[in-house]
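Here the structure is laid out as C-alpha cells; the discussion comes afterwards.
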Amino acid sequence: MSNNKLWISALGLDIGLKRVGIAGCDGTGLIATGITTLVRSSFDRDVAYLRELVRERRVQILVAGLPYSLNGELGAQARQVQKYANRIARALEIPLEYVDERLTSVEAEELMKTQGISPSQNKGAIDRKAAALILQQWLDERRQNISALPNP
C-alpha cells in the first residue's frame, strides 16, 4: 500500500466549554501538532472559523477527544462534547471520529511543566497540546490498523 493511500488530512479537537484546542497533522499523516485555540463564542462564529481551517488545510476528517470518566462511562461532559462535535461535523459536512481522551489535558500540562512553561498562565497552549495528543493517538491507531491489513 503506498503512502498516498495512508495520508489523510485531519483536525484534532479538544473541546471544552470555553475553548477548543485545535491540532493538525503533517503531510505524511505521522505527526500531530497544535495549531491554535478557538475561544468559543457563538456556534455560527465557531463554525465559520473551523470552516476556514478545513478549507485551508483540505481537512477530510475531524477527530474529537471524548472525555470518558475514569471508569469508562460517558458522563455529562462527554455528552456535551458529543453534541457540540456532531453539530460542527454536520455544519462542515465532514466525517467525525472520537478518541478516548482521558487524562490528555493532564498529560499536556505535564509536558508543558517539563518545558518550563506555566500551565496556569497558558490555558490555550494546554488545549492545543491536548488536541495534538488526541490527534496523535488517532493517527497512531489508524497506522497500526492499516499495517495489520493483509497485503494483496
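Excluding N122 itself, what net charge comes from residues whose Cβ is under 13 Å from its Cβ, given Lys and Arg +1 and Asp and Glu -1?
Summing Lys/Arg as +1 and Asp/Glu as -1 gives +3.
If we count every other residue with Cβ under 10 angstrom of G16's Cβ, Lys/Arg +1 and Asp/Glu -1, where does the sum land?
Value of the local net charge: +2.
In whole percent, how big is the carbon plus sulfur part of the accessible area of the chain, probe 1.4 Å, protein atoms only?
50 percent
Which one, [x] 100, 36, 17; [y] 50, 37, 31; [z] 57, 36, 26, gives Cα extents along the principal axes in Å as derived from the coordinates shown?
This structure yields the entry labelled [y].
Quickly estimate the mean residue ellipticity at 222 nm for the chain, helices only: each DSSP H run with n ≥ 4 gives -39500 (n - 2.57), and the total goes over all residues, rounded to 500.
After summing the helix terms and dividing by residue count, I get -15500 deg cm²/dmol.
Does a label point 7 Å from the Cα of R40, set along Cα-to-beta-carbon, have any residues of the range 60-96 with amide nitrogen under 12 Å, and which are they?
Zone members listed by number: 77-88.
For the range 16-64, how big is the tail of P(r) above 15 Å, as a whole percent of Cα pairs?
47 percent
Can you compute the modelled spin-label distance between I8 and M112, with each label point 7 Å from Cα toward Cβ, in nm?
Going from the I8 label point to the M112 one covers 2.9 nm.
Ignoring ligands, DNA and RNA, what accessible area per residue does the chain give at 1.4 Å, in Å²?
58 Å²
The values are calculated or read from the model by the stated rules, or taken from the named source; none is laboratory data. None of the values given here were measured: they were computed from a predicted structure. Neighbour counts run over all protein chains shown; Cβ positions are idealised from the backbone, glycine included. These area figures cover heavy atoms from the full protein model, side chains too; ligands, DNA and RNA do not enter into them. Shrake-Rupley method; radii C 1.70, N 1.55, O 1.52, S 1.80 Å.
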